Amino acid sequence: LSTLLKGQPSYKNVICLGLILDEQGHKMSKRIGNVVEPIPVLDEHGADALRWYLMSANIVRGGDLRISDHGIDDVVRRVLLPIWNAYSFFTLYANVDGHRAEFRTDAGGLLDRYLLAKTRAMIEAVTERMDAYDLPGATQEIQGFIDALNNWYIRRSRDRFWSKSSVTDDADKRDAYDTLYTVLSYLVRALAPLLPLVSEEISRGLQHPGSVHLEDWPDASALPDDPRLVEQMDRVREVCSTALSLREEKRLRVRLPLASLVVAYEGADSLEPYFDLVRDEVNVKE
């Protein structure tokens with residue numbers, strides 16, 4: 001109709017959906033009785049979990065999707081809970097210390113600089129994916145970032161948050177709070193189209209003025225740009241993850257100090273500034 005009446009297409013982009021199938025790969029049918037009712041799914045897992053589950057799947061690339069409770073459970077476990085845990089960690093200890101965090105991007109600590117630069121890279125990647133209507137690609141970028149936030153930055157920075165010094169007297173502790181607050185503020189704005197309810201709740205908890213859905217899309221250029229640091233720290237995380245997997249495979253508990261660890265790949269010498277992090281993380285002497 002748009003072409004006939006106005007001589008132009010009715011849209012510039014279109015997302016073609018595949019079919020939602022049951023767990024066995026059969027098309028849903030009331031006659032067969034394999035239809036998944038949406039309301040019980042929403043009641044059990046929440047609307048955001050179902051929304052992410054669908055937007056992270058190949059169904060928005062035209063492929064078919066075998067819907068399952070297990071898959072939606074994975075979204076809750078691997079996406080929603082880690083995001084909420086990061087927010088809860090920040091609010092718990094900031095309230096204990098009576099600290100009202102500030103929006104800052106100038107912290108000088110190694111982990112702070114990494115997380116801020118990693119946030120910039122994530123925002124740029126998600127923006128590029130969303131502009132290309134690649135919703136699964138956008139969710140993958142955010143999921144990788146959530147792992148860096150929870151399983152590296154927060155875990156490696158716990159002692160800074162737990163320090164008995166007051167925030168006023170401890171600049172490093174203040175940097176940790178302000179960096180985490182700043183990153184969470186960026187993250188909820190990037191999450192808003194994908195997890196609208198969770199992002200709104202967190203945004204209100206961070207005491208942002210107004211609704212997150214009325215804010216501008218986050219501007220990555222306001223964050224420090226350090227792709228080399230991000231690349232090297234991500235490689236350090238890979239080294240630690242591999243070493244810990246080998247420990248588990250050999251049944252060598254992490255509390256057991258090991259004599260040495262060899263990191264072998266082209267360019268491994270570039271990680272030397274981070275060797276203390278590796279030693280501490282995987283508990284090796286050399």
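Straightening the chain between residue 36 and residue 61 buys 6.9 nm, computed as 0.36 nm per residue apart minus the Cα-Cα spacing. Greater than 31 Å separation of Cα atoms is the criterion. Which listed pairs, 164/285; 6/30; 118/285, meet it? As for pairs spanning more than 31 Å Cα to Cα, those are 6/30. Just check the range 1-156 against the gyration tensor rule for me: Cα atoms, a ≥ b ≥ c as the square roots of the eigenvalues, rounded for a/c under 1.5, and otherwise prolate or oblate depending on whether a/b exceeds b/c. Oblate, since a/c reaches 1.5 and b/c is not below a/b. Which residues in the range 197-239 have a backbone N closer than 18 Å to a point placed 7 Å from the Cα of residue 13 along the Cα-to-Cβ line? Flagged as within label range: 216-220. What net charge do the residues around residue 159 carry, taking every other residue with its C-beta under 15 Å from that of residue 159, with Lys and Arg at +1 and Asp and Glu at -1? Neighbourhood net charge equals -1. Decide, for the chain, between rounded, prolate and oblate: order the square roots of the alpha carbon gyration tensor eigenvalues as a ≥ b ≥ c, take rounded if a/c falls under 1.5, and otherwise choose prolate if a/b is larger than b/c, else oblate. Prolate, because a/c is 1.5 or more and a/b exceeds b/c.
Send over a whole-number figure in Å² for the accessible area per residue of the range 1-66, probe 1.4 Å. Don't skip to the answer; put the middle values down first.
Working: 4980 Å² over 66 residues.
Here the per-residue accessible area is 75 Å².
Find how much the distance from residue 164 to residue 252 grows on full extension, using 0.36 nm per residue of separation minus their present alpha carbon separation; answer in nm with one decimal. Numbers along the way, then the final one.
On the way: separation 88, 0.36 × 88 = 31.68 nm, distance 3.27 nm.
Gain on stretching residue 164 to residue 252: 28.4 nm.
Relative to the Cα centre, the charge distribution of the chain, modelled as +1 at Lys and Arg Cβ and -1 at Asp and Glu Cβ, gives a dipole magnitude of about 580 debye.
Rounded to the nearest 20, the size of the Cβ-charge dipole of the range 1-111 about its Cα centre is 620 debye, with Lys and Arg at +1 and Asp and Glu at -1. The label-point distance for residue 260 and residue 27, in a model that sets each label 7 Å from Cα toward Cβ, rounds to 6.4 nm. Here's the picture: a label point sits 7 Å out from the Cα of residue 234 along the beta-carbon direction, and within the range 125-143 the residues with their amide nitrogen under 18 Å of it are 125-130, 136-143. Heavy-atom accessible surface of the range 164-286, averaged per residue, reaches 58 Å², computed with a 1.4 Å probe. Once neighbouring chains are kept in place and the probe is 1.4 Å, which whole percent of the accessible area of the chain is contributed by carbon and sulfur? About 50 percent, which is the carbon plus sulfur part of the accessible surface.
Charging the Cβ of each Asp and Glu at -1 and of each Lys and Arg at +1, and nothing else, the dipole of the range 71-113 about its Cα centre rounds to 20 debye. A simple spin-label model places pseudo-atoms 7 Å from Cα toward Cβ; at residue 3 and residue 128 they are separated by 3.3 nm. Between residue 280 and residue 201, the FRET efficiency from the beta-carbon distance, with R0 = 35 Å, is close to 0.50. Where only DSSP H runs of four or more residues are counted, the chain gives -16500 deg cm²/dmol as its mean residue ellipticity at 222 nm, each run worth -39500 (n - 2.57). Here the spin labels are modelled as points 7 Å beyond Cα on the Cα-Cβ line, and at residue 269 and residue 100 they lie 5.2 nm apart.
The values are calculated or read from the model by the stated rules, or taken from the named source; none is laboratory data. Only a predicted model underlies this, so the values are computations on that prediction, with no experimental measurement involved. Positions of Cβ are generated from backbone atoms using ideal geometry, with glycine treated the same way; all protein chains shown enter the neighbour counts. These accessible areas exclude ligands, DNA and RNA; they are computed on the full protein's heavy atoms, side chains included. Shrake-Rupley method; radii C 1.70, N 1.55, O 1.52, S 1.80 Å.
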